[in-house]
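**Q** Quick one: the structure is below, and I'll ask about it shortly.
The values are calculated or read from the model by the stated rules, or taken from the named source; none is laboratory data. These figures come from a predicted structure and were not determined experimentally. Quick reminder, even Gly has a Cβ in these numbers, built from the backbone with ideal geometry, and neighbours come from all protein chains shown. We work out accessible area using only protein heavy atoms, side chains counted, and drop any ligands, DNA or RNA first. Shrake-Rupley method; radii C 1.70, N 1.55, O 1.52, S 1.80 Å.
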Amino acid sequence: MGFELFVALLVVLAVVLMFNMMKIVPQGYEFTVERFGRYTKTIKPGLHFLIPFFDRVGRRMNMMEQVLDIPAQEVITRDNAQVSTDAVAFIQVMDAAAAAYEVHNLTRAISNLSMTNIRTVIGSLDLDEVLSNRDDINVRLLRVIDAATQPWGIKVTRVEIKDLEPPADITEAMARQMKAERLKRAEILTAEGEKQSAVLRAEGEKQSAILEAEGRKEAAYRDAEARERAAEAEAKATQMVSDAIAKGDVQAINYFVAQNYVKAFEKLAISPQQKTVIIPADMSALVGSIAGVGALAKEAFDNSAARRPTGSVPNA
């Protein structure tokens, strides 16, 4: 009975020793090993065996990238404007031993370091620069915080400013400024549109005036040409009548008298002030004149026929 109890105790002791010796490290983690409280090595993911009662696991370090929220804080800019800001940092442990033993409370240390550098970076900028250059602020924070955490075995992969909230009065002033700026741009665009419209109208009027002047020039040229042709015809007719008179042909004189008589009577008939047209009682003079014109035309036709060569057929 005593021997069986001793064997059972040995089995239990062997099991306890086995569990103390075997250590399974999950993926994404690394464990530090301490011997009598002193760091000896870092074990990677997988199955490992330690010396019982001598070695033990010190710190279980998460080697995956982690997100660290930076608490909100009030920051004063270079132009004495107070803004409320918070941030988020992405960190990853690169050296498990340094992260475990070089700093106490790693996340709190990184959080306080980030808050301090946020105050430093934003405090060196004006409010307009803070609101418009968020990417530059992120880059500066990343560079400073990453350099400061390297002795701790930490790699800061990214730092982002989440919110920037100016005071209510500054926000209202910014809204008024934005509205004024938009109204200014609208007025500038309207003025530019009116300017372009005026220029186009002026160009159109200029082209219209040029075309109108060209038209008047062409019309004047045509009128002058028509008057020249009429004058030539009148001169030719006068020459013909003068030649006829020189030969003693009285019918030519009757032609001119009849022509002037008809024109005078026409003006009398179409005058807008004339309501009643009195026809002369003696119409024989007009008839005689017309007869003279007919005789003159017949004589001209006969002379033309006499000058035509024999055998030619007149056109119909």
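**Q** Could you give each residue of region 183-188 its phi-based ³J(HN,Hα) in whole Hz, using Karplus coefficients 6.51, -1.76, 1.60 with θ = phi - 60°, and x for Gly or Pro?
**A** 5, 4, 5, 5, 5, 5
**Q** Points 7 angstrom from Cα along the Cβ direction at Met94 and Ala14: gap in nanometres?
**A** For the pair Met94/Ala14, the computed spacing is 4.8 nm.
**Q** Still on this structure: Starting from the Cα of Lys41, draw a straight line to each of the aspartates and glutamates and keep only those under 13 Å, dropping any in the same chain fewer than 8 residues away.
**A** Glu30, Asp55, Asp95
**Q** Any chance you could run the full-extension gain for Leu47 through Met174? It's 0.36 nm times the residue separation minus the Cα-Cα distance, nm to one decimal.
**A** Gain in length upon complete extension: 39.6 nm.
**Q** If each residue of separation counts as 0.36 nm, what is the full-extension length gain between Phe36 and Ile210 once their alpha-carbon separation is subtracted?
**A** The Phe36-Ile210 span can extend by a further 51.9 nm.
**Q** Still on this structure: Just to check, using Stokes-Einstein with a Kirkwood Rh over alpha carbon pairs, what's the diffusion coefficient of region 12-61 at 37 °C and 0.692 mPa s in µm²/s?
**A** This corresponds to a translational diffusion coefficient of 297 µm²/s.
**Q** Let me ask you something else. Taking the Cα of Glu160, stepping 7 Å toward and past its beta carbon, and measuring to each backbone N in region 78-116: which are under 16 Å?
**A** Counting only backbone N, you get 86-92.
**Q** A follow-up question, please. Label point 7 Å out from Ser84 along Cα-to-Cβ: which residues of region 165-193 have amide N under 20 Å?
**A** What the label zone holds, given the 20 Å backbone N cut-off, is 165-175.
**Q** I'd like to check one number: the per residue accessible area of region 80-166, probe 1.4 Å, reported in Å² as a whole number.
**A** About 48 Å² of surface per residue is accessible.
**Q** Next up: Calculate, for Gln150 and Ser124, the FRET efficiency according to 1/(1 + (r/R0)^6) with r their C-beta to C-beta distance and R0 25 Å; round to the nearest 0.05.
**A** 0.65
**Q** Moving on. Let me check I've understood the local charge: for Ala97, count other residues with C-beta under 10 angstrom from its C-beta, Lys and Arg +1, Asp and Glu -1. What total comes out?
**A** -1
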